[in-house]
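The values are calculated or read from the model by the stated rules, or taken from the named source; none is laboratory data. Bear in mind the structure is a predicted one, so any value in this text is a computation, not a measurement. A quick note on method: Cβ atoms are made from the backbone with ideal geometry, for glycine too, and the neighbour counts reach across all protein chains shown. Side chains are part of the model used for accessible areas, which takes the heavy atoms of the whole protein and leaves out ligands, DNA and RNA. Shrake-Rupley method; radii C 1.70, N 1.55, O 1.52, S 1.80 Å.
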Amino acid sequence: MSRPAGPGGGANLADILERVLDKGIVIAGDIQVNLLDIELLTIKVRLLVASVERAKEMGIDWWEHDPSLSSGSKREDLLEENERLRAQLELARGERAEQ
């Protein structure tokens, strides 16, 4: 349910936010610090604002694989560690049986 536009013909904040999240918006900028024509520091800023669904459509899903953000990624790490420890245990049992 959209509200009618006000006297200025502008959209309300919810409509703007919905449109931005649906389409996505990219903000990019570079900052350089030079001293006597020597580049000391360069900062590249890239900001993408979009919904999760839209980001996935664009092929962006880093939050699913970042261990600090994804419980699924932590689970995969634990499964890999578990397999590695089981292999070490089996190796140790085999060496012990040979003695």
> Quick one: with all protein chains in place, what share of the accessible area of the range 13-60 is carbon or sulfur, to the nearest percent (1.4 Å probe)?
Replying inline: 61
> Under a point spin-label approximation (7 Å from Cα along Cα-to-Cβ), what is the L91-I60 distance to one decimal in nm?
Replying inline: 4.2
>> Within 11 Å, Cβ to Cβ, of V52, how many net charges do the neighbouring residues add up to if Lys/Arg are +1 and Asp/Glu are -1?
In response: -2
> Can you put D77, D37 in order of accessible area, largest first, using a 1.4 Å probe?
Replying inline: D37, D77
> In the neighborhood of K23, defined by Cβ-to-Cβ distances under 14 Å, what is the net charge if each Lys or Arg adds +1 and each Asp or Glu adds -1?
Replying inline: -3
>> Suppose accessible area is computed on protein heavy atoms with a 1.4 Å probe; arrange I27, I60 from highest to lowest.
In response: I27, I60
> Which length gain, in nm to one decimal place, applies between E83 and I16 when the Cα-Cα distance is subtracted from 0.36 nm times their residue separation?
Replying inline: 19.2 nm
